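Asker: Here it is, the structure in full.
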Amino acid sequence: MYERQREEMVQKYLIDKGISDSKVIAAMRKVPRHRFVDTAMAHQAYQDKSLPIGFGQTISHPTTVAAMSQLLSLSGGERVLEIGTGSGYQAAVLSDIGVKVYSLERIPELARRAQRLFDELGYYTIAVQIGDGTVGWNAHAPYDRIIVTAASPDIPDALLKQLAENGRMVIPVGEKTEQKLTIITRETGEYHILEDYTRSFVPLIGKKGWTE
Ligand code: SAM
């Protein structure tokens, strides 16, 4: 279902917009985004739109998911920590690329719904936990990659600590309304920071994030 629309999305919003990572393109050609939104909105799932998923949250734009996935620079086989499971779409794309995903979500209903969907669709390499992602998920650290899908006022220390040597983190950092997609790499114990272009994400709420 929706194969033609999905293919059009990949061509128009990924390839034509400069996404070149073949693993990201292949994954987004496969993952059924319409299953990660309410059935009433399924027909809009392949437009470049963020859509409401309940509890005041959204599924990110396909262009954002593609850009962040590409910025992670994955080869396959990495261990990835995701903060903000939301609908589960981003985690499914990463799982399809061939990595093990540890995903944290602060809203229990969203975490449970995503887990049910992963079980139904067969995304068995995603572990979901309810919790505050600003303190990370120490039990499985260190992570080769960390992706934060909500806007943070700064880079949480715990996430820096949980990033593996030669690891890479992608996180939107800035004000509540506008952020810069920030890329942090860790090499021989040192962190290097690189910024991508300005974007807008929903806020990261937690101990080391924004207050509600
Ligand atoms: N990756 C998601 C997707 O594909 O649908 C994007 C979801 S949305 C843009 C960001 C999510 O981050 C929301 O579901 C929100 O509840 C969650 N979030 C915000 N602050 C959080 C925190 N401190 N820990 C875990 N999740 C958080």
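Asker: Would you kindly compute the Cα radius of gyration of the range 64-108 and its largest Cα-Cα separation (Dmax), both in Å?
Answerer: Using the Cα atoms of the range 64-108, the pair Rg, Dmax is 10.1, 31 Å.
Asker: Another question, then. Mind checking which lysines have their C-alpha under 29 Å from K161, skipping anything on the same chain fewer than 8 residues away?
Answerer: The reachable lysines, counting only those whose Cα sits under 29 Å from K161, are K23, K100, K176, K180, K207, K208.
Asker: Expressed in nm to one decimal, what extension gain is obtained for the pair K12 and T188 from 0.36 nm per residue of sequence separation less their Cα-Cα distance?
Answerer: 59.4 nm is the gain from fully extending K12 to T188.
Asker: Starting from the Cα-Cα distance between E109 and K30, subtract it from 0.36 nm times their residue separation and give me the gain in nm to one decimal.
Answerer: This chain segment gains 25.9 nm when fully extended.
Asker: Would you mind telling me which residue in T198, T58, T149 has the biggest mean-square fluctuation in a Gaussian network model of the chain, where springs connect alpha carbons within a distance under 10 angstrom?
Answerer: T198
Asker: For Cα pairs less than 8 Å apart in space and 6+ apart in sequence, what is the mean separation divided by the residue count of the chain, i.e. the relative contact order in percent?
Answerer: Contact order relative to length: 14 percent.
Asker: List residues of the range 58-84, by number, whose backbone nitrogen lies under 18 Å from a label position 7 Å along Cα→C-beta of S22.
Answerer: Inside the label zone: 70-71, 73-77.
Asker: Based on DSSP H runs of at least 4 residues, each adding -39500 (n - 2.57), what is the mean residue ellipticity at 222 nm of the chain after dividing by all its residues, to the nearest 500 deg cm²/dmol?
Answerer: Result for the chain, helices only: -7000 deg cm²/dmol.
Asker: Now, a different point. What are the residues whose amide H is under 5 Å from the amide H of A127, where those residues sit 5 or more places off or on another chain and H is modelled from the backbone?
Answerer: Placed amide hydrogens put V101, Y102, S103 under 5 Å from A127.
Asker: Within 13 Å, Cβ to Cβ, of T125, how many net charges do the neighbouring residues add up to if Lys/Arg are +1 and Asp/Glu are -1?
Answerer: The answer is -2.
Asker: Considering the Cα trace of the range 6-107, what is its radius of gyration and what is Dmax, both in angstroms?
Answerer: Cα only, the range 6-107: 12.9, 36 Å (Rg, Dmax).
Asker: Which percent of the accessible area of the range 3-199 is formed by carbon and sulfur heavy atoms (probe 1.4 angstrom)?
Answerer: Carbon-and-sulfur percentage of accessible area, whole number: 49.
Asker: In whole Å, what three semi-axes, largest first, describe the equivalent ellipsoid of the chain built from its Cα gyration tensor (square root of 5 times each eigenvalue)?
Answerer: Calculated on Cα positions only, the semi-axes equal 24, 19, 17 Å.
Asker: Accessible area per residue of the range 3-199 at 1.4 Å probe, in Å²?
Answerer: Result: 44 Å² of accessible area for each residue.
Asker: Quick check: the distance between the Cα centres of the range 75-140 and the range 183-208, to the nearest angstrom?
Answerer: Using only Cα atoms, the two centres lie 19 Å from each other.
The values are calculated or read from the model by the stated rules, or taken from the named source; none is laboratory data. Just so it is clear, the model here is predicted, and its values are computed rather than measured. FYI the Cβ positions are ideal-geometry reconstructions off the backbone, even for glycines, and counts take in every protein chain you see. All accessible areas refer to the heavy atoms of the entire protein, side chains included, with ligands and DNA or RNA removed. Shrake-Rupley method; radii C 1.70, N 1.55, O 1.52, S 1.80 Å.
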